[in-house]
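The values are calculated or read from the model by the stated rules, or taken from the named source; none is laboratory data. This one's a predicted model, so the numbers in the text were calculated from it and none came from an experiment. Cβ atoms come from the backbone with ideal geometry, glycine included; neighbour counts cover every protein chain shown.
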Amino acid sequence: MSQEDSIQHNRATFRPSGRIQFGVFFQGVNSGTIWKAPESGSQTDFESFRRIAQTAERGLFAAFFLGEGLRLREHLGRPHALDVAGRPDAQTMLAALASVTRNIGLVATQNTTYNDPADLAHRLASLDLLSGGRAAWNVVTTDNAWTGANFRRGGYLDHADRYVHAEAFVRTAKRIWDSWNGASGEGAAWERVLHEGQHYTVDVTPRLPRSAQYRPVLFQAGDSPEGRDFAARQADVIFSAHPKFEAAVTFREDIVARTVAAGRGANEVQIFPASEFILSATDEEAREKKEWVRSLQIGPQQAIAYLEQFWGRELSSYDPDGPLPEIDPVVEETSETRGSGFHGAKARELADQWRAEAAEKGWSIRQFVSSRTARIDSTFTGSYSSVADTLAEYARVGAVDGFNISPWIIPSGLDDIVNHLVPELQERGVYPTEYAGSTLRENLGLAVPVLEAGLVPAGGVR
Ligand SMILES: Cc1cc2nc3c(=O)[nH]c(=O)nc-3n(C[C@H](O)[C@H](O)[C@H](O)COP(=O)(O)O)c2cc1C
């Protein structure tokens, strides 16, 4: 079965929208953004956020997206060299951005493991109201004891249990938003939300009326089977990790099957993969630009720090342009960067494997690390018109609904996309030419949500 046919078998129910949208993922703690170039701004100044959000809005982006890092990763007792210290609280930042934007959606990544549903539901409802119905919540579960230590809980909840907890949390939040019946003020009515579960018990009444988009849009990020099923049942949009065409089609097929199995419509869960765009006037120029971007993203210090994560020891005496270290890792398992996603690989085996591979190819440390990071490359590189052709194909097949773009430089990283790529996409008829409405739900083309069980809608429902 061809790639396209694999979606086709669900076509009775799934219909490609024939268009794509963009979101922007402003990362703070990461090595994908170049923070040390003459044109780099600050990762904490409001000005950086304002410029990116307003540029995105000029390009009719659906959403401005902030991640969440609850604790700076540490490595050999210091803040991890691949990270950038400083990430302002998402909801505070989005509230400020709401006042300097009009249409773009404002998405806050917030975890279910360390928050409380009544409190988080209220804060998100506040953002939704003050932004005129533009708020969204990217639901994550955030795993690891290192983060948990910030919240007096340590290694709270194992993986499977985190999603059981997340689902009870999200359903409780939805019920809180749904439980306000009617307009605010006189005649307003609400219902008590009672939840008694394995992880917590709440007895809560809502404190705010509904927003212009009824309730915040729900994104989800987390790629395990449990995470995907959770999204299929609860989310409006998945922030996925599968931007490459074949993987995107396979992921769509998987999500459509899970969504239909959960009793929802095949088109009900949209997909926006994480991505990066390196563009120029010609394909050749774009390829050269990519080399330059990569050399700044993975400098000598980053290359050494990358290996140190796996070796668990100081490697700064090694030449980044020389061979991989001949000394062995001092750890059994690669869990040494506290808070990193790399767990459990056998460090010694990995080192042997990597040394052999680098020796065979004649690679230096830097070349090796570049090739490793290229394997998880989510970059679209090329001329404006060739990348637009590529994206038009995604739209035609329905591989994704949009792309969540991480700019590789802040604050100018969207300029190229908005000035050159967006018009090319509009010419091909696959990108919006105006905002469909004033709320995020309208702009994404999402239906009015189904009420959580046991609650009766009243006036004011759009
Ligand atoms: C594209 C993507 C973006 C994510 N962004 C964040 C984030 O900003 N903060 C966070 O704590 N976790 C983030 N996560 C991690 C998820 O919360 C989740 O904890 C993790 O992926 C483990 O769940 P899983 O086993 O279902 O993948 C992200 C995951 C994906 C796939």
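Here are the numbers for this structure:
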quantity	calculated
Near pairs, Cβ below 6 angstrom, 6+ apart or cross-chain, from segment 414-428 (without any contact (Cβ under 8 Å) to a residue 24 or more places away in the chain) to any residue that is among the hydroxyl-bearing types (Ser, Thr, Tyr)	GLN426/THR433
Every residue from segment 391-408 that is closer than 15 Å to LYS290 by Cβ and of a type outside the set (A, V, I, L, M, F, W, C)	SER406, PRO407
From TRP363, TRP354, residue being at pLDDT 85 or above, more than 28 Å from the chain's Cα centre (by Cα) and not in a helix (DSSP H, G or I)	TRP363
Residue check, VAL387 within 16 Å of the ligand (Cβ to nearest atom) and of a type in the set (A, V, I, L, M)	no
The lone exception for SER40 - which of (1) over 30 Å from GLN426 (Cα atoms); (2) in contact with a strand residue (DSSP E or B) (Cβ under 8 Å, 6 or more places away or on another chain); (3) among the hydroxyl-bearing types (Ser, Thr, Tyr) it fails	(1)
Qualifying position, being over 27 Å from LEU315 (Cβ atoms) and assigned to a loop (DSSP other than H, G, I, E, B), among ARG51, ARG102	ARG102
Odd one out for THR44, checked against (1) out of contact with any helix residue (DSSP H, G or I) (no Cβ under 9 Å at 6 or more places or on another chain); (2) surrounded by fewer than 22 Cβ atoms within 10 Å (Cβ to Cβ); (3) in contact (Cβ under 8 Å) with a residue 40 or more places away in the chain; (4) within 29 Å of GLU167 (Cβ to Cβ)	(4)
Residues (modelled with pLDDT of 95 or more and buried (at least 17 other Cβ atoms within 10 Å of the Cβ)) located in segment 443-461	ASN443, LEU444, LEU446
Residue that is farthest from the chain's Cα centre (by Cα) [pool: residues in segment 234-267 that are within 14 Å of the ligand (Cβ to nearest atom) and under 21 Å from ALA135 (Cα atoms)]	GLN234
